[in-house]
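Here's the structure we're looking at; comments come further down.
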Amino acid sequence: MAEAKAYLKYVRISPRKVKVVLDLIRNKPADYAMAVLQHTPKAACEPLEKLLKSAMANAENNHNMDVSKLYVAQCSVSQGPILKRIRPRAQGRAFRIDKKTSHITMVLKEAE
């Protein structure tokens with residue numbers, strides 16, 4: 001069973017925000033998933049749409065798979081490195097702001 005993978009690393013968005021959108025497209029046909037990503041008003045949709053296009057291109061060009069039969073077999077997100085920033089607060093104190101990053105993986109397979 002052939003599968004096409006695509007990875008997106010160090011995306012400057014929290015994994016929690018990405019997970020919400022991934023849950024919408026998991027185990028769905030690729031063309032349906034693309035439509036969902038294009039019409040969902042979430043920040044994570046833009047990088048995920050690029051990732052899905054990349055995975056579809058990998059399937060077509062590297063594995064000779066039929067694009068019309070593809071579906072999102074697996075998709076996951078894990079936390080990348082955190083960028084730590086400091087914001088000044090009252091009475092000389094410092095308040096830390098964590099800017100989280102994500103590593104996203106998408107696997108497409110051909111439906112039988």
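Given a Förster radius of 41 Å and the C-beta distance between residue 23 and residue 97 as r, what FRET efficiency does 1/(1 + (r/R0)^6) yield to the nearest 0.05? Write down the numbers at each step before the final one.
Working: r = 27 Å, r/R0 = 0.65.
It comes out at approximately 0.95.
So if R0 is 25 Å, what FRET efficiency would residue 46 and residue 1 give, r being the distance between their Cβ atoms, rounded to the nearest 0.05?
0.25
Provide, in order from the shortest bin, the percent of all Cα-Cα pairs of the stretch 3-110 in each 5 Å bin, continuing until the bin that contains the maximum pair distance.
Once binned at 5 Å, the Cα pair distances of the stretch 3-110 give 2, 13, 21, 20, 15, 9, 6, 5, 3, 3, 2, 1, 0.
Suppose only helical runs count, i.e. DSSP H with n ≥ 4. What mean residue ellipticity at 222 nm does that imply for the chain under -39500 (n - 2.57) per run, divided by all residues and rounded to the nearest 500 deg cm²/dmol?
After summing the helix terms and dividing by the residues of the chain, the value is -10500 deg cm²/dmol.
About the Cα centre of the stretch 28-78, what is the dipole size in debye to 20, counting +1 per Lys and Arg Cβ and -1 per Asp and Glu Cβ, all else neutral?
120 debye
In debye, nearest 20: dipole of the chain around its Cα centre with unit charges on the Cβ of K, R (+) and D, E (-)?
1280 debye
In whole Hz, what ³J(HN,Hα) sequence does the stretch 70-75 give by Karplus (6.51, -1.76, 1.60; θ = phi - 60°), x for Gly and Pro?
6, 9, 7, 6, 9, 8
Note down the relative contact order for the chain as a percent, whole number, built from C-alpha pairs under 8 angstrom at least six residues apart.
Across the chain, relative contact order equals 42 percent.
FYI, it's all coordinate maths here, none of it is from the lab. On a predicted model such as this, the values are computed, not experimentally measured, just so you know. Methodologically, a virtual Cβ is constructed for each residue, glycine included, from the backbone with ideal geometry; neighbour enumeration extends over all protein chains shown.
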